[in-house]
Amino acid sequence: MYITDIIRRSGRSLRQAKARTILTALAIAVGTFALTLTLAASNGAQAFVDNIIADNFDPTELLVAKDETLFGGGDVSKPQEYDESFGDFASSAGAAVQIKRLTSKDVNKIKQVPGIESVRIELDINLEFVTRPGGKNDSKKYVATAQAFNPSKNPDLLAGSVPKPLNNRQVLIPEGFLEPLGFASAEQAINQPITLAVRKPFDPDSLKFNPKTMELEEDKSIEKNKKENFTVVGVMKKASTAQPGTELYMFIGSADALRLNDIATKDTDNYRKYLSASARVSDGNDPAKLKTVQDELVNRGFVALSVKDTQEFLTQIIDVLRYIVAGFGAIAVIASLFGIINTMYISVLQRTREIGLMKALGMHKRDIGRLFRFEAAWIGFLGGVMGSAGAYGLGTLLNPTISKALQLEEGEVFLIFRLPEIAILVGLLMLVAIIAGLLPSRKAAKLDPIEALRTE
Amino acid sequence: MIHVKNISKIYGKKEAAFSALKDVDFAIPEGSTVAIIGRSGSGKSTLMHIMSGLDHPTRGQILIDGEILHEMKARKMDKFRADQMSFIFQSFFVEANQTCYQNVALPLEIAKTKRRGRKHRVHEALKKVELSDKIHQKAANLSGGQKQRLAIARAIVNEPKLIFADEPTGNLDTVTGDHITELLFGLNKEIGCTLVIVTHDPEMAERCQIQIRLKDGKIESTTGLTQNVKKAKKTAKKPAQKPAKKTSTKGKK
C-alpha cells in the first residue's frame, strides 16, 4: 500500500469515530496548551532579558572583578578569613563580608592582558544629595546615585542629547527627577545646573576642643560635603528594560566619577579601590576571542563575566520556572498517552474484521501496523493543533492586558509565539503518539486473519 | 491450475490431536467453477483457508501454476494474494461506514495499483454488479443483497485469477441468493476466473462444474473431475517435481 493511501485510510477511520477521536485528542491538547504557553512565556521572558542586556551591557565587554561573591559565586555560609588589603566591609544579606576590590594596580594589570582594548572602572557613587541651585525647590535635597556613563549605551531621551563621551560637569538625569527638582518639562531642564554633593570622609582636624564644655566640637566653618554644579545635557526616559534598581541613576562622565569617588573615599580603606571594571575586548563580537581573553583574565586571578554569563545568571530563575511548568505539561502529555493507547486498542478490537479482510486481501503486516500508527499520529497531530491553537488564541487575547499589568514598553509582549517552535512541538507530539500506538498497532499486525474473519 | 496435493491438517498435539483434513488431493483447471460441499465441521472452511494461503497445512502442499504456495515468503505470499486472489464472505464484510467507492478501492490500494487507473476500474466493477448509482453512498445504506453485490465488486475489481466464496448466499433470502448466484456464474464466464465456492447449498453446488464433497476431513466423493482434469494433473506434476519431493520428506518428519 502507498503511504498516502495508508494515511488517508487512517484519517478516515478516525473521522468515523469522531467523538472518541476528539476526546482522546483533547487530553493531549491540555498538555500541549500548557507547553505552548510555557514556551511563549519563556520566549517573552528571554526577549525581555535580552532587551535588558542590550540596553545595559555591551557584548564586547567583560565585567572584571576580584571577588566572585559579587556574581553569586563563592560560599558565604562559611567564616571568611580577614584580609587587611580587602578594603571596606560590605554587607550581603545581613552578614558582614569582605569584598576583594580592584586596585589601581589591578586595573593596570587588566589593561595589559592581550586583546583588551580599554578598561572602564565601574563606579556607583552614593551621592550625599542632589539639589537645584537657585530654583524654586532650592532647599529640597534628594538622595541619589551617580554612575560613570558607559559610552556604548544608548538611553532613550525625552530631551537633549548625549555627547560621547560625556564632558566634564555634564549629567544625564532620569525622568523621575524632573518634578522633584522643580522642572516643568524635560526641555526646560536642558542646560540647567544642578548640584551634586558627596560626603567628604571624616576629618579629625575639623574637631576642636571647647574648654567651656570640656568636649570636642565640630568646626561648623568646615564644609562636610563637597558640592559641584553639573549641567543637565539630557533627560532619560524611564525604560522597562532598565537593570532593576538603576531606574533613578544619574550618569556623569568617567573623569567626574573618578574624581567624586576619590573625594568620597580619600583617606579611607576604599581609596582607589573599585568593585569592578569593564574591559572592552577588541573584536569582542567574536565569541572565541572573547572567551580567550576571559580565560586569560581568570588565569591572572580575576573574576571575569561576559554578557552571556550575565544573561545566564539572569535567566536562571526564569529557567527554573519554565522547567516546572514544562514538567507539568509533560506529565499531562504522558497521562494522555495512556488515553491514546486505550483508544487505539478499542479501535483495533472494533476493526478486527476489517483487519482480517485486509490481511486476506494481501495487505502486508507492516502496512497494517502503519495504518494504526498513523492513526495514533493523527490523534497526536489533532491534539497538538487544538492545544497550541487554543494557547495561541488565548495568549493573543490576553497579551495586551498582561503587558499593561507588567508595565512593559510599547511593542513588548509577555507571550511570544513562534510558529516553527509550535510546529516542532506538534511534530514531537505526533512522534510520542506513534510510540503510544506501538503496542496496539503490533496487536493489529499480528492478528490471525482466520480468527478475525470467523463468522459470528 | 490449482493442485491440492495430499493436504492434511491436524489441530492440537498427541492425545488431543484432531484431524481436520486427511489426505485431501485434487486438481482444478483454470477458469472452472468448484463447489466444496459438506456439513459444518467437515473441514471445508479449513480447506479454503489452506488453499488461499491464510492457513498452513500440516502435510501436503498447494500448487498454483506450479508454484508451491506455502513455500513463499510472507511478503511474496501477500503480493500473490493481492494480485491473484480475492474473497467473498457469508457476512459480506463490507465496511459500513465507507462509501461503495472506498470499499471497492481497497484491493486496488493494497495491490498498489496506480492511482490514475483506479477510478475507472472501480466504476467498471460497480457497473458489473449494477451498483453504479450507489457509488458515493455509504455501504450501511445498502440492503443485504446489495452489500453482497458490493463485496463481489470488491472481489473482481483487481481481476483476480481465483475467487474464494464462503457461503456467499448464506445470509440472503432465496430470491436475492439466486440473483447473487447468477451474478457469480455470469462473472466467472465473463472474466474467466476460477471460482471456488464453499457451500452447503446443494442447488448452488449443482451449478458448479466440479463438486468436491467432504466428510470428516476426507473427500467423500467428487463430480466433474474429468479425464481432462486428470491430464492437467499430470502436466502440473512435471514442473513441480522437485519441490514436491521436498515437501513430502518434510511431511514424513
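Modelled this way, with points 7 Å down the Cα-to-C-beta line, the labels at A:S161 and A:M214 are 6.8 nm from one another.
Here is how the number arises for chain A: DSSP H runs of 4 or more residues each give -39500 (n - 2.57), the sum is divided by the residue count, and the result at 222 nm is -16000 deg cm²/dmol. Relative to the globular-protein estimate of 2.2 N^0.38 Å, the Cα radius of gyration of the range A:276-408 stands at 1.90. Within chain A, helices built from complete DSSP H runs that reach 27 Å or longer along their own axis (Cα positions) and carry a mean Kyte-Doolittle hydropathy of 0.0 or higher are A:18-56, A:307-350, A:365-405.
Shielding of peptide A:386-392 by partners, expressed as the average count of other chain Cβ atoms within 10 Å per residue Cβ, is 0. Take every Cα pair under 8 Å whose residues are at least 6 apart in sequence, average their separation, divide by the length of the range B:19-120, and the relative contact order is 15 percent. With 27 Å as the limit, the listed pairs A:K141/A:K200; B:K73/B:K119; A:K164/A:K266; A:K266/A:K289; A:K446/B:K9; A:K18/B:K161 have B:K73/B:K119; A:K164/A:K266; A:K266/A:K289; A:K18/B:K161 beyond it between alpha carbons. Paramagnetic label reach from A:T103 (point 7 Å along Cα→Cβ; backbone nitrogen cut-off under 17 Å): within the range A:264-295, residues A:266-277.
FRET efficiency for the pair B:E182 and A:A405, taken as 1/(1 + (r/R0)^6) with r the Cβ-Cβ distance and R0 = 56 Å, rounds to 0.10.
Can you list the residues of the range B:131-151 with backbone N under 17 Å from a point 7 Å past the Cα of B:D173, pointing along Cα to Cβ? So the set is B:142-149. As a length-normalised measure over Cα pairs under 8 Å and 6 or more apart, the relative contact order of chain A settles at 29 percent. Backbone amide hydrogens, once placed in the peptide plane, bring A:R272 within less than 5 Å of nothing, excluding anything fewer than 5 places away on its chain. Comparing B:M51, B:G12, B:T33 along the charge dipole axis of the range B:1-82, the residue lying farthest to the positive side is B:G12, per the Cβ-charge model. Amide hydrogen proximity for A:M236: with H placed 1.01 Å from N in the peptide plane, the residues at 5 or more positions away or on another chain lying under 5 Å are A:L158, A:I173, A:E175. Mean partner shielding of peptide B:209-218, defined as the number of other chain Cβ atoms within 10 Å of each residue Cβ, is 0. Here the sum of -39500 (n - 2.57) over DSSP H runs of 4 or more residues, divided by the residues of chain B, equals -12500 deg cm²/dmol at 222 nm, to the nearest 500.
Across the range B:49-150, the fraction of Cα-Cα pairs farther apart than 16 Å, rounded to a whole number, is 63%.
What's the exposure ranking of B:L54, A:L157, going from fewest to most Cβ atoms within 10 Å? Intermediate values should be presented prior to the final figure.
On the way: B:L54 21, A:L157 17.
By the 10 Å Cβ count, ascending: A:L157, B:L54.
Overall, the range B:110-217 carries a charge dipole of about 1060 debye about its Cα centre when +1 sits on the Cβ of Lys and Arg and -1 on the Cβ of Asp and Glu, all other atoms neutral.
Think of the protein assembly as shown as a dipole: +1 on every Lys or Arg Cβ, -1 on every Asp or Glu Cβ, centred on the Cα centre; then among B:F93, A:I222, B:L184, B:L184 lies furthest on the positive end. Each 10 Å bin, from zero up to the one with the longest distance, holds this percent of the alpha carbon pairs of the protein assembly as shown: 3, 11, 15, 13, 10, 8, 7, 7, 8, 8, 6, 3, 1, 1, 0, 0. Put +1 on the Cβ of each Lys and Arg and -1 on the Cβ of each Asp and Glu in the protein assembly as shown; which of B:L106, A:S206, A:A376 then has its Cα farthest toward the positive end of the dipole? Value: B:L106. Full extension of the chain between A:L419 and A:S282 gives 45.6 nm of extra length, using 0.36 nm per residue less the Cα-Cα distance. Helices meeting the span-like rule in chain B (full DSSP H runs, Cα extent of at least 24 Å along the helix axis, mean Kyte-Doolittle score of -0.5 or higher): B:174-191. Rg/Rh for the range A:150-224 (Cα atoms only, Rh after Kirkwood) is 1.24. Ranked by how many other Cβ atoms sit within 10 Å of their own Cβ, fewest first, the residues B:F185, A:F149 fall in the order B:F185, A:F149. Rg/Rh, computed from the Cα trace of chain B with Rh as the Kirkwood radius, has the value 0.98.
Model label sites at A:S221 and A:E81, defined 7 Å from Cα along the beta-carbon direction, differ in position by 5.1 nm.
The modelled label-to-label distance for the pair B:E206/A:A19, using points 7 Å beyond Cα in the direction of Cβ, is 5.0 nm.
Here the gap between B:T223 and B:R115, fully extended at 0.36 nm per residue and compared with their Cα-Cα distance, gives a gain of 34.6 nm.
Using C-alpha pairs under 8 Å with a sequence gap of at least 6, the mean separation divided by the residue count of the range A:363-455 gives a relative contact order of 54 percent. The Cα center of the range A:177-215 and the Cα center of the range A:402-447 differ in position by 60 Å. Take the alpha carbon atoms of the range A:281-354, find their center, do the same for the range B:90-131, and report the distance between the two centers in whole angstrom. A separation of 51 Å, based on Cα centres.
For A:K308 and A:V320, calculate 0.36 nm times their separation in residues minus their Cα-Cα distance, and state this gained length in nm to one decimal. Walk me through the numbers on the way to the answer.
Values: separation 12, 0.36 × 12 = 4.32 nm, distance 1.79 nm.
Full extension from A:K308 to A:V320 adds 2.5 nm.
List the lysines whose Cα sits under 19 Å from the Cα of A:K140, skipping any in the same chain fewer than 8 residues away. Filter leaves A:K224, A:K226, A:K227.
The numbers here are math on the coordinates, done by the rules we state, and not lab data. Computed from a prediction, not measured in an experiment: that's the story for all the values here. Positions of Cβ are backbone-derived with ideal geometry, glycine not excepted, and every protein chain shown enters the neighbour counts.
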